[in-house]
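Accompanying notes for the structure given below.
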Amino acid sequence: MHDIQQFLADLDWVVHSPSLVDLPGYGADTPLIDISTVDPQRLAEAVKQQKSRFLGPYFETLWRFSIEHSQSHSLLAHGLQVTDEKRTLGEFDFLLQDKASQAIIHQEIAVKYYLGVGLPAPADTDQKLNAADCAWFGPNSIDRLDLKLHKLVQQQILLSDRRESQETLKRLDINTPPAKQILMKGYLFQPLNDDLPAPAFCHPEAAFGRWLPLESIHQLEPISDRWAILPKLRWLSRARSSVDHTMDFSVLRKHLLEANGRPMLIAAMKPESKEELTEISRFFVVSDHWQDKAVESLEMSPLTSFSRYNPLPPQSI
């Protein structure tokens, strides 16, 4: 897919894809923007100005563009740091204003990809797993969904409650506490041959894929004749590609084996037209020892309360 077409598809995904989580009291406004009216060149310029090759900054750039060109909201600040005399205390991801109500909003945003693992159950039980019996890890097996939610709710979104933050906001003529909103988008990946309970606070329309260890890749062969390996900046919207930028399973298998267990996101493709193929499903392929390493990490960093459904702390006013 051409860069500009990719940027437009990713912008549409950033604005309209379902959230990963549904946190009561922290639901996020979505900028009202008609993607069909977006100037592709202005979007391309905005993306290229941010220069980073990491997914997070790319996601933030697209979200900022959606606010700046929306009919419903105005951007007040992006990446606004709060400092005292000696150190940085935190940073507001986004401050925006609802054009209709004039309400000020503080948004913390993230794009995340988590792989679900069922935790070992006691030998004397045959009960089905529930959300608290599962952990959702990032592809690096270090990052976790419950840890990220804990940080968002207990730390990042509370930034405006600090005295230093209120002084920073006053310099923008913001004299009342902003509403607090959390936006997390991305994908959750179930094990290839298992359906785990959805994680706590999972949005009912969250997007799911599958994950598998390298030793199980033969199970993918019947799914599709054509495949694509997705670099990080193509992890957002559904993959589209010309035939010559896809591969058959034998070539895919060769690439995966050469990666030697490094996590790789791949997409099964189907023909959309004579010239283009479209993603039908996506899979994370990880090392054969990935799950063991992930579970072992829980000994050093146990699951937080955000692995279970609990009332969230009330917002401070």
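The values are calculated or read from the model by the stated rules, or taken from the named source; none is laboratory data. In this text, all values refer to a predicted model and were calculated from it rather than measured experimentally. Glycine also receives a Cβ, built like all others from the backbone with ideal geometry; neighbour counts cover every protein chain displayed.
Against the definition (more than 20 Å from Phe283 (Cα to Cα) and exposed (fewer than 15 other Cβ atoms within 10 Å of the Cβ)), how does Thr168 come out, yes or no?
The answer is no for Thr168.
Given the criteria among the basic types (Lys, Arg) and assigned to a loop (DSSP other than H, G, I, E, B), does Lys48 qualify?
Considered against the rule, which asks whether it is among the basic types (Lys, Arg) and assigned to a loop (DSSP other than H, G, I, E, B), Lys48 comes out as no.
Is there any pair linking a residue in segment 50-63 that is basic (Lys, Arg) to one that is surrounded by fewer than 14 Cβ atoms within 10 Å (Cβ to Cβ), with Cβ under 8 Å and at least six apart or on different chains, and which?
Within 8 Å, the pairs are Arg53/Lys232.
Checking the condition in contact (Cβ under 8 Å) with a residue 24 or more places away in the chain, of a type in the set (A, V, I, L, M) and under 30 Å from Gln5 (Cα atoms), which residue from Met269, Met247 passes?
Step by step, each of Met269, Met247 is checked, and only Met269 is in contact (Cβ under 8 Å) with a residue 24 or more places away in the chain, of a type in the set (A, V, I, L, M) and under 30 Å from Gln5 (Cα atoms).
Hey, could you check segment 237-263 for residues that are of a type in the set (A, V, I, L, M) and over 18 Å from the mean Cα position of the chain (by Cα) and say which is surrounded by the most Cβ atoms within 10 Å (Cβ to Cβ)?
Here the answer is Leu252.
From the list Pro231, Pro222, Pro263, which residue is under 28 Å from Leu62 (Cα atoms) and without any contact (Cβ under 8 Å) to a residue 12 or more places away in the chain?
Unique residue meeting the criteria: Pro231.
Could you name every one of the strands (runs of 3 or more DSSP E) located completely within segment 73-181 that has at least 3 residues being more than 19 Å from the chain's Cα centre (by Cα) and farther than 19 Å from Leu23 by Cα?
In segment 73-181, the matching strands (runs of 3 or more DSSP E) lie at 73-83, 88-98.
Scanning segment 194-236 for residues that are within 22 Å of His16 (Cβ to Cβ) and of a type in the set (Phe, Trp, Tyr), which turns out surrounded by the most Cβ atoms within 10 Å (Cβ to Cβ)?
The extreme case among them is Phe201.
Please give the strands (runs of 3 or more DSSP E) falling wholly within segment 222-317 in which 3 or more residues are acidic (Asp, Glu) and in contact with a strand residue (DSSP E or B) (Cβ under 8 Å, 6 or more places away or on another chain).
Qualifying strands (runs of 3 or more DSSP E): none found.
Residues that are at pLDDT 95 or above, farther than 28 Å from Ser74 by Cα, out of contact with any helix residue (DSSP H, G or I) (no Cβ under 7 Å at 6 or more places or on another chain) and surrounded by fewer than 21 Cβ atoms within 10 Å (Cβ to Cβ): does segment 107-117 have at least one?
no
So in segment 286-313, with the set limited to residues that are at pLDDT 90 or above and among the hydroxyl-bearing types (Ser, Thr, Tyr), which one is farthest from Ala200 (Cα to Cα)?
Once the filter is applied, the top-ranked residue is Ser287.
Kindly provide the set of residues from segment 9-30 that are part of a helix (DSSP H, G or I), within 15 Å of Ala207 (Cβ to Cβ) and under 15 Å from the mean Cα position of the chain (by Cα), ordered by number.
Asp10, Asp12, Trp13, Val14, Val15, His16
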